[in-house]
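Inspection log for the structure reproduced underneath, given as structure tokens.
The values are calculated or read from the model by the stated rules, or taken from the named source; none is laboratory data. What you see is a predicted model, and the numbers here were worked out from it, not measured in a lab. Here the Cβ positions follow ideal geometry from the backbone for every residue, glycine too, while neighbour counts run over all protein chains shown.
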Amino acid sequence: MANPNGPAPAPHMISRPKRAPTGDEEATAILRLGEFQQVPALNLSEARTIINAVTTRRRNIKQKVTESETLLKTQEYLELFARFKQQEHVTAVEQLLTTRTELERFERSQLGEFT
């Protein structure tokens, strides 16, 4: 049924507006990462190591660790897909890939999962 007073008002926005994509981010033969071009990137094994270290440290100093659903799902994902679980292996892969200066940081982090 049509509203005799015109269209209904739009609902109040409860989240911030999403920024429009700039169109300059693309990981193809020519790597275009826009504002993220020179930003350090982690592979899954490095991310797993960091997240586990931070949560362990917080538990050890009796700081409250908020185990949100997002954190738990992230940890579960990283346990499944991180290729290297031991710190020595994670460090060795990082050192190996750091010598490949012809690669962008993003490319090295991606290759770190396949080494």
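In the stretch 24-35, which residues are surrounded by 13 or more Cβ atoms within 10 Å (Cβ to Cβ) and in contact (Cβ under 8 Å) with a residue 60 or more places away in the chain? Across the stretch 24-35, the qualifying residues are Leu31, Leu33. For the stretch 22-35, the candidate set comprises residues that are of a type outside the set (Lys, Arg) and assigned to a strand (DSSP E or B); within that set, the residue that is farthest from the chain's Cα centre (by Cα) is Leu31.
If you go through the stretch 55-94 and pick out every residue that is surrounded by 13 or more Cβ atoms within 10 Å (Cβ to Cβ) and out of contact with any Ser or Thr (no Cβ under 7 Å at 6 or more places or on another chain), you end up with 12. Look at the stretch 80-94: where a residue is on the phi > 0 side of the Ramachandran plot, no partner that is β-branched (Val, Ile, Thr) sits 6+ places away or on another chain with Cβ atoms under 9 Å.
The residue that is surrounded by the most Cβ atoms within 10 Å (Cβ to Cβ), counting only those in the stretch 95-108 that are modelled with pLDDT under 90 and among the basic types (Lys, Arg), is Arg108.
What's the total number of residues in the stretch 6-18 that are at pLDDT below 70 and not hydrophobic (A, V, I, L, M, F, W, C)?
The initial filter retains those residues of the stretch 6-18 that are at pLDDT below 70, namely 6, 10-13.
Remaining after also requiring not hydrophobic (A, V, I, L, M, F, W, C): 6, 11-12.
Matching residues across the stretch 6-18 total 3.
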